Amino acid sequence: MNVIALALHIVGGVGVTVGICAVLLFCVWRVLYTIQQGTSYVRRLHQIPCSRCTYFTGDYRLKCAVNPMSALTEEAIGCGDYVCNSPAYGGLCSQDKMPYQHIKELVKQ
Ligand code: SF4
């Protein structure tokens with residue numbers, strides 16, 4: 001009888017340890033997953049080109065004269081009406097690259 005009780009005690013202790021480790025691993029995985037999701041969402045928001053566009057007004061009442069409903073939203077990513085607002089680049093800067101990256105490419109050529 002004592003042997004059975006001892007075996008149950010050992011198995012129970014191992015089970016609790018494994019359960020605690022599983023819960024901790026799940027929490028760590030969940031935190032890392034959430035950080036990864038947040039990072040990819042922020043990266044996507046940085047692809048919105050409106051702040052570098054000629055048609056962006058900077059006025060919250062009418063953000064864009066061409067596409068007022070999609071300005072500053074994810075719909076604006078890849079907008080066909082995008083025109084670079086910096087005359088230094090002659091409208092050549094692309095939507096997905098910041099101007100300094102475009103300057104680097106021009107210098108290389
Ligand atoms: S034209 Fe397109 S890229 Fe330019 S501000 Fe309007 S929605 Fe944004």
Taking Rh as the Kirkwood radius computed over alpha-carbon pairs of the stretch 1-84 and applying Stokes-Einstein at 20 °C with viscosity 1.002 mPa s, one gets a diffusion coefficient in µm² s⁻¹ of 124
Whole-Hz couplings from phi, Karplus 6.51/-1.76/1.60, listed for the stretch 32-47; x for Gly and Pro: 5, 5, 5, 4, 5, 5, x, 5, 5, 5, 5, 4, 5, 5, 6, 7
May I ask you to derive the FRET efficiency for Gln37 and Asp59 from their Cβ-Cβ distance with R0 = 30 Å, giving the value to the nearest 0.05? 0.40
Going residue by residue through the stretch 69-86, the Karplus relation 6.51 cos²θ - 1.76 cosθ + 1.60 with θ = phi - 60° gives ³J(HN,Hα) values, rounded to whole Hz and with x marking Gly or Pro, of 7, 9, 4, 6, 10, 5, 4, 6, 5, x, 4, x, 9, 4, 9, 4, 8, 9
Please compute the length gained on full extension between Cys21 and Glu75, using 0.36 nm multiplied by the number of residues separating them and subtracting their Cα-Cα distance. 15.1 nm
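No value in this document is a laboratory result; all are computed from the given coordinates. Fair warning: this is a prediction, and the values are worked out from it, not measured in the lab. Neighbour counts run over all protein chains shown; Cβ positions are idealised from the backbone, glycine included.
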